[in-house]
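Data first, discussion second: the structure below is written as structure tokens.
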Amino acid sequence: MPPPRSNRRRVTPPRWLIVPFIVTVVALLVDASVHSRSPKAGTALSNYGWVDKVLPYITASNEQGSQIAQLAASPLPAGPKAAVSELQSVAAAAEKTYRSVVAADPPQEVTPAAGLLQACLAAREQGAAEMASAAAALLGGGPVSSAVASMSAAVADFQVSDNAYALFAKMSRPVATMPPSRWVSPGSYQQSLLTSFAHRLQSPASKAPAQVMALDAVSTTPPPLSLQGKVEVLSPASSFSVTVVVANEATSPLTGAALTVSVSPARASAVQQASAKFNLAPGQAKAVTLTGFVPPASTPVTVTVSAALPGSSQPSVTKQLEVELPGPNFPGSSSTTNAGTTTSNPSTTTSTTTSTPGGTTTTGTLGGTTTSTPGGTGSPASTTSTT
């Protein structure tokens, strides 16, 4: 007889319990698969994160190079000062870009590539600073040759940066394609282009402002009798004086400006010098006389006249002339007339001296006649008269 059938039924787990179990198993299998692979997947993700971080700085750096190249190759519509200011701004931006990339903290796997990028940006920063410094020196009146040499050194830095950038882009190719460099392109930054750029920076608009003072006339007493080459031969005397007409061409007054006259060589010394202070209202001109210069007899000497602004030791304007004071036996062309008056016709600049019982006042003129009238002797160390 067959065994009796049991009335107990097989229990089947609910279907809603099977689904979470299957999902859990799949998740464990995927996790095991990922961890069983090479660490390249995690490294690639890390590399992509670093590239995303530095890519905006790379783009900004390329724009900086484009700005410098465009300035060097085109006219300066805003003027030299604006161009120098723009170069200085680019140099500051290049430095900031370099420091930002250094602070990006690259992962260990991309350290060699990151080092190349940092070297590239460091060379660009240095070159941009050199270019801005050379342009600023030109704006201040520096020589073109020195500025062009500094610009050439900056271009060499740009080329080094491009070489480093090319290696960096090659190493980064498995992760991302880098934008092309725009710092040095074929045919850019030739020597002739740099020289032309330097001359544009030294255009009249970039030079020093108009002078404040002018030396309108320089004359001597005694006046010249003849001209031998560039040397003015004066009438025979033991000494001579120099009268200078100085003018204020500014719109503000000059208080305490200084006029200096030096004679080289002087008798018994290498240089004899005398100075006087003067004040000038805007647009005013004044004659200042300095006396007592004793040169060697029958020897050409150089007279240097300079005027300095108040509070400055550097001349603002300078003029030079060569004169000779003959000895007592010099056969001059003077003739004596009545009343002790001596008349001569100078060939160049002369002065008019009028003696009075109170002293002597000297005013410089050009191409005139010197007339001496009895009535006073001697002359002060310095005398001025307003014109």
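The values are calculated or read from the model by the stated rules, or taken from the named source; none is laboratory data. Just so we're clear, the structure is a prediction, and the values are computed from it rather than from any experiment. Cβ placement follows ideal geometry from the backbone for every residue including glycine, while neighbour counts extend to all protein chains displayed.
Does LEU290 satisfy the condition of being at pLDDT below 95, in contact with a strand residue (DSSP E or B) (Cβ under 6 Å, 6 or more places away or on another chain), assigned to a strand (DSSP E or B) and not aromatic (Phe, Trp, Tyr)?
Values: at pLDDT below 95: no; in contact with a strand residue (DSSP E or B) (Cβ under 6 Å, 6 or more places away or on another chain): yes; assigned to a strand (DSSP E or B): yes; not aromatic (Phe, Trp, Tyr): yes.
So LEU290 fails the test.
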Out of everything in the stretch 205-234 that is over 14 Å from THR304 (Cα atoms), at pLDDT 90 or above and hydroxyl-bearing (Ser, Thr, Tyr), what residue ends up being surrounded by the fewest Cβ atoms within 10 Å (Cβ to Cβ)? SER226
Identify the residue in the stretch 30-74 that is crowded, with 18+ Cβ neighbours inside 10 Å and over 30 Å from SER188 (Cβ atoms) and, among all such residues, is modelled with the lowest pLDDT. ASN47
Against the definition (without any contact (Cβ under 8 Å) to a residue 24 or more places away in the chain and in the same structural domain as GLN70 (by TED's automatic domain parsing)), how does PRO112 come out, yes or no? no
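Suppose the filter is under 26 Å from HIS199 (Cα atoms), of a type outside the set (A, V, I, L, M, F, W, C), assigned by TED's automatic domain parsing to the domain that holds SER61 and buried (at least 19 other Cβ atoms within 10 Å of the Cβ); does GLN126 pass it? Even if it seems obvious, please write down each step before you answer.
On the way: under 26 Å from HIS199 (Cα atoms): yes; of a type outside the set (A, V, I, L, M, F, W, C): yes; assigned by TED's automatic domain parsing to the domain that holds SER61: yes; buried (at least 19 other Cβ atoms within 10 Å of the Cβ): yes.
Spelling it out, GLN126 is indeed under 26 Å from HIS199 (Cα atoms), of a type outside the set (A, V, I, L, M, F, W, C), assigned by TED's automatic domain parsing to the domain that holds SER61 and buried (at least 19 other Cβ atoms within 10 Å of the Cβ).
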Among the residues of the stretch 140-158, how many are surrounded by fewer than 14 Cβ atoms within 10 Å (Cβ to Cβ) and polar (S, T, N, Q)? 2
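Quick check: is even one residue across the stretch 80-93 among the charged types (D, E, K, R), surrounded by fewer than 19 Cβ atoms within 10 Å (Cβ to Cβ), out of contact with any strand residue (DSSP E or B) (no Cβ under 9 Å at 6 or more places or on another chain) and outside any helix (DSSP H, G or I)?
Filtering the stretch 80-93 for residues among the charged types (D, E, K, R) gives 81, 86.
Then drop every residue that is not surrounded by fewer than 19 Cβ atoms within 10 Å (Cβ to Cβ), which leaves 81, 86.
With out of contact with any strand residue (DSSP E or B) (no Cβ under 9 Å at 6 or more places or on another chain) added as a condition, the list becomes 81, 86.
Next, only the ones that are outside any helix (DSSP H, G or I) stay: none.
Checking the stretch 80-93: not a single residue is among the charged types (D, E, K, R), surrounded by fewer than 19 Cβ atoms within 10 Å (Cβ to Cβ), out of contact with any strand residue (DSSP E or B) (no Cβ under 9 Å at 6 or more places or on another chain) and outside any helix (DSSP H, G or I).
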